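Q: Quick one: structure below, then a few questions.
The values are calculated or read from the model by the stated rules, or taken from the named source; none is laboratory data. The model shown is predicted, which means the values in this text are computed figures rather than measured ones. Virtual Cβ from ideal backbone geometry, glycine too; neighbours counted across all protein chains shown.
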Amino acid sequence: MALFSSWIDFLFPPLCLACKERCRTKFLCPSCWNLCALPDPVERCRHCFEELDGRGNLCKQCRFEKLLPAERAYVFDPESPARYLGVEWAEAMASFALIQWIQLEWPRPHAVIAMPDKDSITIGSAFAAMQQVPFVKALRQNHEYVDDRLEEDEIYLLFDVSNSLENLKKSANSLSLSFPKRIYLLSLFPYVDRVS
């Protein structure tokens, strides 16, 4: 079997999903894997996770007015080749999210709630399983809170793959109707509006 696999690799060499170069590793070449480094929370705004401008632990925008009603962080920078891995590798993506969550030193959530899109639900449920906390579908497609799905005075993690700030804000505001102790927002990627 190993000989057959070697012949297949020789005839049809694996290509990096990001740069399309021949590689010996799975999915991404070593150079692209290095670009998947997680952003350091120490160098980021503690509220929105944008890069700091050198003054304090909040960015200029958050010192003036916070755009989201919850602390937010993300796992990968927008240009990270990790975006090529896709939802097919939900457990791998959830593992990266777990490592970032540990680095953030956020409290353990009582439940994980995903944004109401397929990718966020798939990866968010894998993340909740790794955390060994309940995964709750508490948001409708229009980002409204589904009544009586959550307990009062608990900590919730809103999991997101890459939604707009507007949708994140709607969802976080809707979840506040459950009177949580605190809501944290963890996105795999920051939303990038790709206008052509």
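Q: Could you list, in sequence order, the residues of the stretch 179-193 that are in a loop (DSSP other than H, G, I, E, B) and surrounded by 17 or more Cβ atoms within 10 Å (Cβ to Cβ)?
A: Selection gives P180, L188, F189, P190, Y191.
Q: Could you please let me know if V75 is at pLDDT 90 or above, among the aliphatic types (A, V, I, L, M) and out of contact with any Phe, Trp or Tyr (no Cβ under 6 Å at 6 or more places or on another chain)?
A: Spelling it out, it is not the case that V75 is at pLDDT 90 or above, among the aliphatic types (A, V, I, L, M) and out of contact with any Phe, Trp or Tyr (no Cβ under 6 Å at 6 or more places or on another chain).
Q: Pairs, please: C-beta under 9 Å, at least 6 apart or cross-chain, first residue within 11 Å of V87 (Cβ to Cβ) and touching a residue at least 60 places away in the same chain (Cβ under 8 Å) and in the stretch 121-133, second surrounded by fewer than 18 Cβ atoms within 10 Å (Cβ to Cβ) and not aromatic (F, W, Y)?
A: I123/V87; I123/E91
Q: Identify, from the list A111, A70, A92, the residue that is of a type outside the set (D, E, K, R) and closer than 20 Å to L165 by Cβ.
A: Residue meeting the stated conditions: A70.
Q: Just to be sure, is E50 surrounded by fewer than 20 Cβ atoms within 10 Å (Cβ to Cβ), over 17 Å from Y184 (Cβ atoms) and in the same structural domain as I183 (by TED's automatic domain parsing)?
A: no
Q: Within the stretch 171-196, can you find the residues that are over 18 Å from Q100 (Cα atoms), touching a Leu at 6+ places or on another chain (Cβ under 9 Å) and modelled with pLDDT of 85 or more?
A: Within the stretch 171-196, S171, A172, S174, L175 meet the criteria.
Q: Look at the stretch 18-42 and say how many of its residues are under 15 Å from F76 (Cβ atoms) and either charged (D, E, K, R) or in a helix (DSSP H, G or I) (or both).
A: So in the stretch 18-42, the residues under 15 Å from F76 (Cβ atoms) come out as 18, 27-28, 32-41.
The next check asks that each one be either charged (D, E, K, R) or in a helix (DSSP H, G or I) (or both); those that pass are 32-34, 40-41.
Residues meeting the conditions: 5.
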